[in-house]
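Okay, so here's the structure we're looking at.
The values are calculated or read from the model by the stated rules, or taken from the named source; none is laboratory data. Since the structure is predicted, the reported quantities are computational estimates derived from the model, not experimental observations. Neighbour counts are summed over all protein chains in view; Cβ atoms, including those assigned to glycine, are modelled from backbone coordinates with ideal geometry. Note: areas computed on protein heavy atoms with side chains; ligands, DNA, RNA excluded. Shrake-Rupley method; radii C 1.70, N 1.55, O 1.52, S 1.80 Å.
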Amino acid sequence: MKPRSDLPVRVASAVVMLGIAGFALWQGGLVLKGFIALVGFGVFAEYVALAAKIARDPARMVTAVITGGLYIGWAAFALIVMPPVLLIAVLGLVICTDTGAYFAGRAIGGPKIAPSISPSKTWAGLAGGMAAAALWSTLFILFAAYILSGMSPNGPSLAEAVRTTRIGMAALAGAGLAVAAQAGDFYESWLKRRAGVKDSGRLIPGHGGLFDRVDGLLPVAIIAGTAWAASGAAGLGAGGA
């Protein structure tokens, strides 16, 4: 008998997750910050559960918990403090990376990147994820520049947006962050392999745990949030000089 597909369950769960996240983003403020903090706490709890299956002694367990706390806490804090427009850009980039990698991997196949860690990940999938992320970052920054051009006396201008946007840099940044997202995915897959489990949890029907859903988001949030904070600090330093 052919096994029943879990696609309807996965789609329904994805719709619910997007609805909840979208509502929190729309509300903003304390609702959004509380939502991110709650998800971060849930991810950390799942990380600790994985570490408990891996650690051979208390010292290693403590080291693992501290490492996970820094990793997940840094990402959650970055998401909480970054401006909404950057948060949307980061979330969209990770979604595009996962989507591009999935369809390119399914359509092209080919050599695996690290079959002992994640048997389904291929080099073609990575290239597809990088291309999708590069396209997203380029279109996003062009759209933002177009909106800003509307403040000029002549009104919004696509030509002006193209002229003032470093499209090549945006595409390279998107592709680079896609690699970071895939690295986060591999890291969680490596933890699950060592722990001997398929999913980090069972909270989300058809998807596993929270860690399974945000594994690629964590490193991207850290990089983007840190870069944004550093650029702000550099601007303040230049203004005070």
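General remarks:
- Scanning region 56-82 for residues that are open to solvent by less than 40 Å² (accessible area, probe 1.4 Å) and not in a helix (DSSP H, G or I) turns up just one, MET82.
- Restricting attention to region 141-166, the residues that are assigned to a loop (DSSP other than H, G, I, E, B) and open to solvent by 60 Å² or more (accessible area, probe 1.4 Å) add up to 5.
- Residues being open to solvent by 60 Å² or more (accessible area, probe 1.4 Å), of a type in the set (Val, Ile, Thr), under 27 Å from ALA133 (Cα atoms) and out of contact with any Gly (no Cβ under 7 Å at 6 or more places or on another chain) are entirely absent from region 2-9.
- In the set (1) assigned to a loop (DSSP other than H, G, I, E, B); (2) touching a strand residue (DSSP E or B) at 6+ places or on another chain (Cβ under 8 Å); (3) buried (at least 16 other Cβ atoms within 10 Å of the Cβ), ILE117 fails one condition alone, (2).
- Sole residue being hydrophobic (A, V, I, L, M, F, W, C), within 23 Å of TRP190 (Cα to Cα) and either surrounded by 15 or more Cβ atoms within 10 Å (Cβ to Cβ) or in contact (Cβ under 8 Å) with a residue 12 or more places away in the chain (or both), chosen from ALA131, ALA101: ALA101
- Any hit, region 167-174, residues being buried (at least 20 other Cβ atoms within 10 Å of the Cβ), under 29 Å from PHE41 (Cβ atoms) and of a type outside the set (Asp, Glu): no
- Leading residue by the ranking (most open to solvent (accessible area, probe 1.4 Å)) among those in region 186-234 that are over 25 Å from GLY176 (Cβ atoms) and free of Cβ contacts under 8 Å to residues at least 60 places away in the same chain: ARG202
- Screening the candidates SER149, SER116 for the property of being touching a helix residue (DSSP H, G or I) at 6+ places or on another chain (Cβ under 6 Å), among the hydroxyl-bearing types (Ser, Thr, Tyr) and in contact (Cβ under 8 Å) with a residue 12 or more places away in the chain yields one hit, SER149.
- Restricting region 15-49 to residues that are within 19 Å of GLY73 (Cβ to Cβ) and of a type in the set (Val, Ile, Thr), the residue that is surrounded by the fewest Cβ atoms within 10 Å (Cβ to Cβ) is VAL48.
- Within region 127-147, not a single residue is small (Gly, Ala, Ser), farther than 18 Å from GLY174 by Cα and at pLDDT below 95.
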